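Here the structure comes first, spelled out in C-alpha coordinates, and everything after it is commentary.
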Amino acid sequence: MSEKKHRVSRRQFLNYTLTGVGGFMAAGILSPMVRFALDPILKEETGQDMVAVAQVKDITTEPQRFDFKVKVKDAWYESEEPRSAWVFKDENGDIVALSPICTHLGCTVNWNGDKNNPNRFFCPCHYGLYEKDGTNVPNTPPTSPLHRYEYEIKDGTLYLGKAKPRGEA
Amino acid sequence: MKWTAKDVDMYEQTKEYVDTALIPCIPIGGTNMKAFAEMSEHVSLIANEVERQFKGRVMLFPPLTYFVHEQVQSRVREWTNMFKTFGFQHICFLTSHADVSDETFIYIPSLPLEHVDESYKQKIVRQQVEQVMDALVTKWTLKN
(Lines give C-alpha, C1' and ligand atoms only; values in the text may rest on other atoms or scores of the structure.)
Protein backbone atom coordinates (compact mmCIF):
# COMPACT_ATOMS: atom_id res chain seq x y z
CA MET A 1 0.00 0.00 0.00
CA SER A 2 2.74 2.39 0.93
CA GLU A 3 4.47 1.27 -2.23
CA LYS A 4 1.61 2.61 -4.22
CA LYS A 5 1.74 6.00 -2.53
CA HIS A 6 5.41 6.42 -3.26
CA ARG A 7 5.17 5.48 -6.83
CA VAL A 8 7.02 7.85 -9.05
CA SER A 9 5.31 8.69 -12.26
CA ARG A 10 7.19 8.92 -15.52
CA ARG A 11 6.58 12.68 -15.57
CA GLN A 12 7.97 13.11 -12.08
CA PHE A 13 10.97 10.96 -12.80
CA LEU A 14 11.81 12.99 -15.87
CA ASN A 15 11.31 16.21 -13.92
CA TYR A 16 13.69 15.14 -11.18
CA THR A 17 16.39 13.91 -13.50
CA LEU A 18 16.24 16.97 -15.71
CA THR A 19 16.41 19.41 -12.78
CA GLY A 20 19.23 17.38 -11.30
CA VAL A 21 21.31 17.26 -14.49
CA GLY A 22 20.46 20.88 -15.32
CA GLY A 23 21.48 21.95 -11.84
CA PHE A 24 24.82 20.22 -12.17
CA MET A 25 25.44 21.86 -15.50
CA ALA A 26 24.52 25.29 -14.20
CA ALA A 27 26.77 24.79 -11.18
CA GLY A 28 29.56 23.66 -13.47
CA ILE A 29 29.27 26.83 -15.48
CA LEU A 30 28.65 29.27 -12.65
CA SER A 31 31.12 28.16 -10.00
CA PRO A 32 34.26 29.07 -11.97
CA MET A 33 32.65 32.39 -12.82
CA VAL A 34 31.91 33.12 -9.19
CA ARG A 35 35.43 32.06 -8.25
CA PHE A 36 36.82 34.45 -10.85
CA ALA A 37 34.72 37.31 -9.54
CA LEU A 38 35.77 36.67 -5.95
CA ASP A 39 39.40 35.96 -6.73
CA PRO A 40 40.76 39.45 -5.96
CA ILE A 41 39.06 39.40 -2.55
CA LEU A 42 40.21 35.92 -1.63
CA LYS A 43 43.80 36.54 -2.65
CA GLU A 44 45.84 37.21 0.42
CA GLU A 45 47.59 40.50 0.28
CA THR A 46 51.04 39.86 -1.06
CA GLY A 47 53.06 42.14 1.14
CA GLN A 48 56.45 42.98 -0.19
CA ASP A 49 58.95 40.38 0.86
CA MET A 50 61.86 41.32 3.03
CA VAL A 51 65.06 41.64 1.06
CA ALA A 52 68.56 40.98 2.36
CA VAL A 53 70.45 44.25 2.19
CA ALA A 54 73.53 44.26 4.39
CA GLN A 55 75.51 42.51 7.09
CA VAL A 56 74.81 43.91 10.54
CA LYS A 57 78.54 44.05 11.35
CA ASP A 58 79.06 46.51 8.47
CA ILE A 59 76.61 48.99 9.90
CA THR A 60 78.18 51.93 11.72
CA THR A 61 76.90 55.07 13.36
CA GLU A 62 77.70 56.88 10.11
CA PRO A 63 74.92 56.49 7.53
CA GLN A 64 75.96 54.31 4.63
CA ARG A 65 74.17 53.78 1.41
CA PHE A 66 73.13 50.26 0.48
CA ASP A 67 71.64 49.43 -2.89
CA PHE A 68 69.33 46.50 -3.38
CA LYS A 69 66.67 45.26 -5.74
CA VAL A 70 63.05 44.42 -5.11
CA LYS A 71 60.75 42.38 -7.29
CA VAL A 72 57.84 44.45 -8.46
CA LYS A 73 54.79 42.88 -10.01
CA ASP A 74 52.74 45.12 -12.22
CA ALA A 75 49.77 43.09 -13.45
CA TRP A 76 51.50 40.12 -15.08
CA TYR A 77 54.74 41.89 -15.74
CA GLU A 78 57.41 41.16 -13.16
CA SER A 79 60.49 43.28 -12.95
CA GLU A 80 63.26 44.17 -10.59
CA GLU A 81 63.45 47.71 -9.34
CA PRO A 82 66.52 49.23 -7.79
CA ARG A 83 66.15 50.71 -4.32
CA SER A 84 68.56 52.28 -1.89
CA ALA A 85 68.63 52.84 1.82
CA TRP A 86 70.70 54.93 4.21
CA VAL A 87 71.47 52.64 7.12
CA PHE A 88 73.10 53.50 10.46
CA LYS A 89 72.94 52.80 14.19
CA ASP A 90 71.48 55.52 16.36
CA GLU A 91 72.79 56.46 19.82
CA ASN A 92 70.82 53.59 21.42
CA GLY A 93 72.40 51.12 19.03
CA ASP A 94 69.15 50.60 17.15
CA ILE A 95 69.35 50.25 13.41
CA VAL A 96 67.71 52.97 11.37
CA ALA A 97 67.10 52.44 7.64
CA LEU A 98 65.97 55.57 5.88
CA SER A 99 64.54 55.74 2.42
CA PRO A 100 66.59 58.14 0.29
CA ILE A 101 63.50 59.40 -1.50
CA CYS A 102 63.01 63.10 -0.75
CA THR A 103 59.50 63.67 0.54
CA HIS A 104 59.29 66.84 -1.51
CA LEU A 105 59.29 65.60 -5.10
CA GLY A 106 61.09 62.28 -4.98
CA CYS A 107 64.74 62.99 -5.74
CA THR A 108 67.43 60.92 -4.06
CA VAL A 109 69.05 62.51 -1.02
CA ASN A 110 72.69 62.17 -0.02
CA TRP A 111 74.38 62.08 3.36
CA ASN A 112 76.77 65.04 3.71
CA GLY A 113 75.84 66.08 0.19
CA ASP A 114 76.30 69.78 0.90
CA LYS A 115 79.51 71.19 2.32
CA ASN A 116 77.69 73.96 4.17
CA ASN A 117 75.44 71.51 5.98
CA PRO A 118 77.57 68.70 7.38
CA ASN A 119 75.92 65.69 9.04
CA ARG A 120 72.66 66.21 7.28
CA PHE A 121 70.91 64.59 4.35
CA PHE A 122 70.87 66.88 1.34
CA CYS A 123 68.60 66.84 -1.68
CA PRO A 124 70.43 68.32 -4.70
CA CYS A 125 67.25 69.12 -6.61
CA HIS A 126 65.77 71.87 -4.49
CA TYR A 127 68.24 72.00 -1.62
CA GLY A 128 66.07 70.16 0.87
CA LEU A 129 67.72 69.17 4.16
CA TYR A 130 67.08 66.47 6.73
CA GLU A 131 68.67 65.80 10.09
CA LYS A 132 70.42 62.48 10.65
CA ASP A 133 67.27 60.86 12.04
CA GLY A 134 65.39 61.86 8.90
CA THR A 135 63.54 64.88 10.32
CA ASN A 136 63.10 67.56 7.70
CA VAL A 137 64.80 70.86 8.43
CA PRO A 138 62.29 73.72 8.57
CA ASN A 139 62.40 76.34 5.81
CA THR A 140 63.60 73.87 3.23
CA PRO A 141 61.18 72.47 0.62
CA PRO A 142 60.38 69.07 2.23
CA THR A 143 57.42 69.09 4.58
CA SER A 144 57.73 65.66 6.17
CA PRO A 145 60.53 63.41 7.42
CA LEU A 146 62.21 60.76 5.31
CA HIS A 147 60.38 57.45 5.29
CA ARG A 148 61.75 54.53 7.24
CA TYR A 149 62.09 50.96 6.07
CA GLU A 150 60.64 48.15 8.10
CA TYR A 151 63.52 45.94 9.05
CA GLU A 152 64.31 42.53 10.42
CA ILE A 153 67.57 40.96 11.50
CA LYS A 154 68.20 37.30 10.88
CA ASP A 155 71.56 35.58 11.41
CA GLY A 156 73.49 38.83 11.28
CA THR A 157 71.88 39.97 8.05
CA LEU A 158 69.68 43.01 7.75
CA TYR A 159 66.48 42.55 5.79
CA LEU A 160 64.41 45.51 4.65
CA GLY A 161 60.74 45.61 3.76
CA LYS A 162 58.53 48.49 2.81
CA ALA A 163 59.39 52.12 3.43
CA LYS A 164 56.74 53.79 5.54
CA PRO A 165 56.18 57.34 6.78
CA ARG A 166 57.60 57.99 10.22
CA GLY A 167 55.38 56.80 13.02
CA GLU A 168 54.12 53.82 11.06
CA ALA A 169 57.34 51.85 10.82
CA MET B 1 59.62 62.44 -13.87
CA LYS B 2 58.94 60.45 -16.93
CA TRP B 3 56.81 61.05 -19.95
CA THR B 4 53.91 59.05 -18.58
CA ALA B 5 50.36 60.15 -17.82
CA LYS B 6 50.91 59.72 -14.09
CA ASP B 7 54.12 61.71 -13.93
CA VAL B 8 52.86 64.44 -16.23
CA ASP B 9 49.93 64.92 -13.85
CA MET B 10 52.47 65.48 -11.12
CA TYR B 11 54.47 67.79 -13.38
CA GLU B 12 51.45 70.00 -14.02
CA GLN B 13 51.11 70.58 -10.29
CA THR B 14 54.77 71.16 -9.57
CA LYS B 15 55.87 72.95 -12.72
CA GLU B 16 57.90 75.59 -10.93
CA TYR B 17 60.20 72.93 -9.50
CA VAL B 18 60.85 71.01 -12.69
CA ASP B 19 63.16 73.09 -14.86
CA THR B 20 65.30 70.47 -16.57
CA ALA B 21 64.50 68.42 -19.65
CA LEU B 22 66.58 65.31 -20.24
CA ILE B 23 66.50 63.84 -23.73
CA PRO B 24 68.40 60.70 -24.67
CA CYS B 25 69.63 60.69 -28.29
CA ILE B 26 69.48 57.43 -30.15
CA PRO B 27 71.08 56.93 -33.55
CA ILE B 28 70.00 54.21 -35.95
CA GLY B 29 72.48 52.92 -38.48
CA GLY B 30 72.20 50.29 -41.19
CA THR B 31 75.73 49.02 -40.89
CA ASN B 32 77.23 47.98 -37.62
CA MET B 33 73.73 47.76 -36.18
CA LYS B 34 74.84 46.06 -33.02
CA ALA B 35 76.98 49.01 -31.96
CA PHE B 36 74.04 51.36 -32.41
CA ALA B 37 71.75 49.05 -30.50
CA GLU B 38 74.28 49.02 -27.68
CA MET B 39 74.36 52.82 -27.65
CA SER B 40 70.59 52.91 -27.49
CA GLU B 41 70.48 50.48 -24.59
CA HIS B 42 73.23 52.25 -22.75
CA VAL B 43 71.83 55.76 -23.10
CA SER B 44 68.39 54.58 -21.96
CA LEU B 45 69.87 52.81 -18.96
CA ILE B 46 71.82 55.86 -17.82
CA ALA B 47 68.94 58.24 -18.51
CA ASN B 48 66.52 56.14 -16.46
CA GLU B 49 68.91 55.98 -13.56
CA VAL B 50 69.50 59.75 -13.62
CA GLU B 51 65.76 60.26 -13.68
CA ARG B 52 65.37 58.04 -10.64
CA GLN B 53 67.86 60.10 -8.67
CA PHE B 54 66.62 63.50 -9.84
CA LYS B 55 62.96 62.69 -10.16
CA GLY B 56 61.78 65.95 -8.67
CA ARG B 57 63.61 68.33 -10.97
CA VAL B 58 64.21 66.45 -14.20
CA MET B 59 61.68 65.42 -16.81
CA LEU B 60 62.89 62.52 -18.91
CA PHE B 61 61.45 62.83 -22.40
CA PRO B 62 61.18 60.13 -25.05
CA PRO B 63 64.42 59.84 -27.01
CA LEU B 64 65.37 61.91 -30.01
CA THR B 65 65.82 59.18 -32.60
CA TYR B 66 67.69 59.80 -35.85
CA PHE B 67 69.44 58.07 -38.70
CA VAL B 68 73.21 58.29 -38.64
CA HIS B 69 73.42 60.30 -41.88
CA GLU B 70 70.89 62.89 -40.66
CA GLN B 71 71.96 66.32 -39.49
CA VAL B 72 70.99 65.85 -35.89
CA GLN B 73 72.41 69.18 -34.71
CA SER B 74 69.66 71.20 -36.39
CA ARG B 75 67.02 69.00 -34.82
CA VAL B 76 68.66 69.40 -31.43
CA ARG B 77 68.47 73.18 -31.86
CA GLU B 78 64.82 72.91 -32.80
CA TRP B 79 64.04 70.69 -29.81
CA THR B 80 65.94 73.01 -27.48
CA ASN B 81 63.86 75.98 -28.61
CA MET B 82 60.63 74.02 -28.23
CA PHE B 83 61.48 72.93 -24.71
CA LYS B 84 62.41 76.51 -23.83
CA THR B 85 58.94 77.63 -24.87
CA PHE B 86 57.51 74.96 -22.53
CA GLY B 87 59.34 76.66 -19.68
CA PHE B 88 62.35 74.39 -19.23
CA GLN B 89 65.51 76.28 -18.41
CA HIS B 90 68.02 73.47 -18.73
CA ILE B 91 67.79 71.19 -21.72
CA CYS B 92 70.21 68.30 -21.72
CA PHE B 93 70.80 65.87 -24.54
CA LEU B 94 72.40 62.62 -23.57
CA THR B 95 74.32 60.65 -26.19
CA SER B 96 76.67 57.72 -26.61
CA HIS B 97 77.24 58.53 -30.26
CA ALA B 98 80.76 59.96 -30.41
CA ASP B 99 80.30 61.41 -33.92
CA VAL B 100 77.77 64.01 -32.83
CA SER B 101 78.95 64.78 -29.35
CA ASP B 102 79.85 68.45 -29.02
CA GLU B 103 79.29 70.78 -26.11
CA THR B 104 75.50 70.72 -26.47
CA PHE B 105 75.49 67.04 -25.52
CA ILE B 106 76.44 65.18 -22.42
CA TYR B 107 78.54 62.39 -23.81
CA ILE B 108 78.74 59.00 -22.13
CA PRO B 109 80.76 56.37 -23.97
CA SER B 110 78.82 53.18 -24.46
CA LEU B 111 80.59 50.10 -23.25
CA PRO B 112 80.09 46.54 -24.33
CA LEU B 113 78.54 45.47 -21.05
CA GLU B 114 77.05 42.26 -22.38
CA HIS B 115 79.71 39.93 -21.07
CA VAL B 116 80.76 41.93 -18.06
CA ASP B 117 80.26 40.73 -14.51
CA GLU B 118 77.10 42.08 -12.88
CA SER B 119 78.83 43.82 -9.96
CA TYR B 120 81.46 45.41 -12.21
CA LYS B 121 78.73 46.50 -14.61
CA GLN B 122 76.91 48.28 -11.79
CA LYS B 123 80.09 50.06 -10.82
CA ILE B 124 80.69 51.40 -14.33
CA VAL B 125 77.08 52.43 -14.75
CA ARG B 126 77.07 54.16 -11.38
CA GLN B 127 80.20 56.11 -12.31
CA GLN B 128 78.64 57.31 -15.53
CA VAL B 129 75.38 58.18 -13.79
CA GLU B 130 77.32 60.24 -11.29
CA GLN B 131 79.13 61.96 -14.13
CA VAL B 132 75.84 62.99 -15.70
CA MET B 133 74.44 64.05 -12.33
CA ASP B 134 77.49 66.20 -11.71
CA ALA B 135 77.03 67.82 -15.10
CA LEU B 136 73.43 68.64 -14.20
CA VAL B 137 74.29 69.97 -10.75
CA THR B 138 76.95 72.20 -12.33
CA LYS B 139 74.36 73.56 -14.74
CA TRP B 140 71.98 74.26 -11.87
CA THR B 141 74.53 76.01 -9.69
CA LEU B 142 75.84 78.13 -12.56
CA LYS B 143 72.36 79.47 -13.15
CA ASN B 144 71.65 80.37 -9.55
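Miscellaneous remarks
- The antiparallel fraction among DSSP beta bridges confined to the protein assembly as shown stands at about 65%.
- Note on residue B:99 and residue B:127: the extension gain reaches 7.9 nm, defined as 0.36 nm multiplied by sequence separation minus the Cα-Cα distance.
- Accessible-area composition of the stretch A:2-42, carbon plus sulfur, in percent [1.4 Å probe]: 69
- Note on residue A:133 and residue A:117: their simple-model spin labels are 1.8 nm apart, each label 7 Å out from Cα toward Cβ.
- In the full protein context, the protein assembly as shown carries 63 Å² of accessible surface per residue, based on a 1.4 Å probe and ignoring ligands, DNA and RNA.
- Cα gyration tensor shape of the stretch B:5-134, rounded if a/c is under 1.5, else prolate or oblate by comparing a/b with b/c: oblate
- Interface residues in the stretch B:51-82 - accessible area drops by 10 Å² or more relative to the isolated chain, probe 1.4 Å: B:52, B:53, B:54, B:55, B:56, B:57
- This model, with +1 at the C-beta of Lys and Arg and -1 at the C-beta of Asp and Glu, gives the protein assembly as shown a dipole about its Cα centre of some 1560 debye.
- Interface residues of the stretch B:1-41, defined as those with an accessible-area decrease of at least 30 Å² between the chain by itself and the complete set of protein chains (probe 1.4 Å), are B:17.
- Surface share of carbon and sulfur [accessible, 1.4 angstrom probe, percent] for the stretch A:47-169: 47
- Trypsin sites (Lys or Arg not before Pro) within the stretch A:112-154: DSSP coil, no more than 15 neighbouring Cβ in 10 Å: A:115
- From the C-alpha gyration tensor of the stretch A:51-164, square roots of 5λ in Å: 24, 19, 11
- Springs between Cα atoms under 10 Å define the GNM used for chain A, and in it the highest mean-square fluctuation of A:17, A:61, A:143 occurs at A:17.
- Loop-located GluC sites (Glu not before Pro) across the stretch A:30-112 with a Cβ neighbour count of 11 or fewer within 10 Å are A:44, A:45, A:91, with loop assigned by DSSP.
- Mean residue ellipticity, 222 nm, helices only, chain A: the sum of -39500 (n - 2.57) across DSSP H runs of n ≥ 4, divided by residue count and rounded to 500, is -7500 deg cm²/dmol.
- The stretch A:56-168: relative contact order in percent, alpha carbon pairs under 8 Å with at least 6 residues between: 18
- Positive-end extreme of charge dipole, the protein assembly as shown - chosen from B:112, B:91, A:165 (charges on Cβ): A:165
- Interface size A-B, as summed buried accessible area [1.4 Å probe, Å², nearest 100]: 1300
- With every protein chain in place, the stretch B:5-134: carbon and sulfur % of accessible area (1.4 Å): 53
- Over the C-alpha trace of the stretch A:2-42, radius of gyration and Dmax come out as 17.4, 54 angstrom.
- Loop-located GluC sites (Glu not before Pro) in the stretch A:92-169 (DSSP state not H, G, I, E or B) with no more than 10 neighbouring Cβ atoms inside 10 Å: A:168.
- Averaged over the residues of peptide A:104-110, the number of Cβ atoms from other protein chains lying within 10 Å of each residue's Cβ is 6.
The values are calculated or read from the model by the stated rules, or taken from the named source; none is laboratory data. Fair warning: this is a prediction, and the values are worked out from it, not measured in the lab. Every residue, glycine among them, receives a Cβ derived from its backbone with ideal geometry; neighbour counts consider all protein chains shown. Heads up: the accessible areas ignore ligands, DNA and RNA and are worked out on the full protein's heavy atoms, side chains in. Shrake-Rupley method; radii C 1.70, N 1.55, O 1.52, S 1.80 Å.
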